[in-house]
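The values are calculated or read from the model by the stated rules, or taken from the named source; none is laboratory data. Since we're looking at a predicted model, the values are computed, not measured. Glycine gets a Cβ as well: all are built from the backbone with ideal geometry, and neighbour counts include every protein chain shown. Surface areas here come from the heavy atoms of the whole protein model, side chains and all, with no ligands, DNA or RNA. Shrake-Rupley method; radii C 1.70, N 1.55, O 1.52, S 1.80 Å.
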Amino acid sequence: MAMRQTPLTCSGHTRPVVDLAFSGITPYGYFLISACKGAGQHLPRLSGQHYGKPMLRQGDTGDWIGTFLGHKGAVWGATLNKDATKAATAAADFTAKVWDAVSGDELMTLAHKHIVKTVDFTQDSNYLLTGGQDKLLRIYDLNKPEAEPKEISGHTSGIKKALWCSEDKQILSADDKTVRLWDHATMTEVKSLNFNMSVSSMEYIPEGEILVITYGRSIAFHSAVSLDPIKSFEAPATINSASLHPEKEFLVAGGEDFKLYKYDYNSGEELESYKGHFGPIHCVRFSPDGELYASGSEDGTLRLWQTVVGKTYGLWKCVLPEEDSGELAKPKIGFPETTEEELEEIASENSDCIYPSAPDVKA
C-alpha cells in the first residue's frame with residue numbers, strides 16, 4: 001500500500017532560504033535555525049515579514065519560536081550549538097553574531113573585513129569558526145570576546161563553508177573549487193582536494209568521519225580524516241546540497257530542478273524523487289534523529305519531509321483508509337483541537353500546512 005509524502009511548509013521568510021542547521025537532541029527536543037538572504041533593514045517592517053532574519057523553530061514540527069534581529073543585510077549562514085543554547089549567524093554586513101538561543105538576545109558581534117558566509121561552534125561551544133569573502137578562516141575564543149581571533153590563510157577565493165571535525169582537532173573548509181583540511185593545533189594545511197567545477201555544499205558526519213561534498217551533478221563522499229574518496233553518485237540535475245542520514249541508510253539531495261532526490265546510500269539506487277519547491281533548493285539536512293529532513297529554497301520556504309512516510313511523528317499522523325475502499329493510504333497532519341473535516345482539508349491534494357506569520361520579535 002503506497003503512502004504519499006506530505007511535507008510541512010514553514011512560512012515566515014520572504015526571501016530565499018540559503019542555509020539551515022539542526023541542533024542536537026536536547027531534553028526539550030531538537031531545534032532548527034534557518035538563514036535568509038533578504039534585503040536590509042531599510043525595507044518596511046511589516047508584521048510577520050522576516051527580511052533576511054534568521055529564524056528558530058522547533059525541529060520536529062517546524063513551529064516558529066523566534067527571529068534573531070540585528071543584522072543589517074543578507075544572512076548567509078546560521079548554526080546552533082549542540083544543546084541549542086547558542087546560535088551563530090554569518091552575514092553580508094561584514095559581521096558574525098553570537099546569540100542566546102533561549103532569550104534571543106545578541107551576545108556578541110564579531111567584525112570582519114568582508115561578507116561572512118559560514119559559522120560553526122566547537123563541541124564545547126567555547127570557540128567559533130568563521131569564513132567568508134576575505135579568504136581567511138578565523139577562530140574566536142567566545143570566553144574572551146575582546147581578544148583578536150586566530151587567523152588561517154591559504155584559500156585563494158571566498159570561503160563558502162568551514163566546519164570543525166575530528167573532535168575539533170581539525171578544520172574542513174571549502175572555497176569555489178577547493179576543499180582543504182587543516183590541523184587546528186599547528187594552523188597548517190594537511191591536505192586539499194581540487195575540483196573542476198564549483199563546490200556547492202559540504203556536510204560533515206562525525207560518526208564515521210564522513211565528508212559529503214556536492215559539485216555540479218555529483219554527490220561525493222570522502223574520509224574527513226584523510227580526504228580519500230569513499231564513493232560518489234551522479235544526480236539528474238545540478239545539486240546545491242546533500243545530506244547523509246545519521247544511520248547512513250539514505251542520502252537526500254536537492255538543487256536547480258526544484259526536486260528532492262532520495263538515494264539508498266549503500267547501493268546508490270534512487271528511491272524517490274519529487275518536486276518539493278517552486279524554486280531551486282539551496283540547502284537540505286537530516287534531523288539528528290533521522291526521522292525527517294528539512295529543505296530550504298529560493299521560493300522563501302522551509303519544508304519538512306518524512307524519511308519514512310507513514311510514521312506518526314511530529315505533526316504527521318498516519319491514518320489508514322477504510323478497508324476495501326481502494327484508496328491509497330496517506331498521512332494526515334494533526335493539530336490540537338482540529339476537527340476531522342479540517343484535517344481532511346490539511347491532508348488534501350496540495351497537502352502543505354502553512355504556519356501563520358508571527359510578529360517580528362526576538363526569540
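Name the residue, out of GLY310, GLY279, that is modelled with pLDDT of 50 or more, assigned to a loop (DSSP other than H, G, I, E, B) and either at negative phi or open to solvent by less than 10 Å² (accessible area, probe 1.4 Å) (or both).
Values: GLY310 fails: either at negative phi or open to solvent by less than 10 Å² (accessible area, probe 1.4 Å) (or both).
Answer to the check: GLY279.
Conditions (1) more than 23 Å from ALA21 (Cβ to Cβ); (2) assigned to a loop (DSSP other than H, G, I, E, B); (3) among the small types (Gly, Ala, Ser); (4) without any contact (Cβ under 8 Å) to a residue 40 or more places away in the chain, marked per residue:
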{"residue": "ASP134", "(1), (2), (3), (4)": "no, yes, no, yes"}
{"residue": "ASN143", "(1), (2), (3), (4)": "no, yes, no, yes"}
{"residue": "ALA147", "(1), (2), (3), (4)": "yes, yes, yes, yes"}
{"residue": "GLU151", "(1), (2), (3), (4)": "yes, no, no, yes"}
{"residue": "GLY154", "(1), (2), (3), (4)": "yes, yes, yes, yes"}
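Within segment 212-226, if we keep just the residues that are within 14 Å of SER198 (Cβ to Cβ) and assigned to a loop (DSSP other than H, G, I, E, B), the residue that is least open to solvent (accessible area, probe 1.4 Å) turns out to be GLY216.
If we keep just the residues of segment 53-90 that are among the charged types (D, E, K, R), under 20 Å from THR301 (Cβ atoms) and outside any strand (DSSP E or B), which is most open to solvent (accessible area, probe 1.4 Å)?
First, pick out the residues of segment 53-90 that are among the charged types (D, E, K, R): 53, 57, 60, 63, 72, 82-83, 86.
From the residues that got through so far, the ones that are under 20 Å from THR301 (Cβ atoms) too are 53, 57, 60, 63.
Add one more test, that the residue is outside any strand (DSSP E or B), and what stays is 53, 60, 63.
Values: LYS53: 7, ASP60: 44, ASP63: 65 Å².
Filtering segment 53-90 for residues that are among the charged types (D, E, K, R), under 20 Å from THR301 (Cβ atoms) and outside any strand (DSSP E or B), the one most open to solvent (accessible area, probe 1.4 Å) comes out as ASP63.
Could we say that SER267 is outside any strand (DSSP E or B), out of contact with any helix residue (DSSP H, G or I) (no Cβ under 9 Å at 6 or more places or on another chain) and open to solvent by 30 Å² or more (accessible area, probe 1.4 Å) here? When the stated conditions are applied, SER267 passes them. Here GLU207, GLU189 are screened, and the one residue that is modelled with pLDDT under 95, open to solvent by 30 Å² or more (accessible area, probe 1.4 Å) and not β-branched (Val, Ile, Thr) is GLU207.
ILE139 satisfies every condition listed in (1) outside any strand (DSSP E or B); (2) over 17 Å from PRO54 (Cβ atoms); (3) at pLDDT 95 or above except (1). Set side by side, the residues GLU269, GLU234, GLU256, GLU291 differ, and just one is within 30 Å of THR26 (Cα to Cα) and among the charged types (D, E, K, R), which is GLU291.
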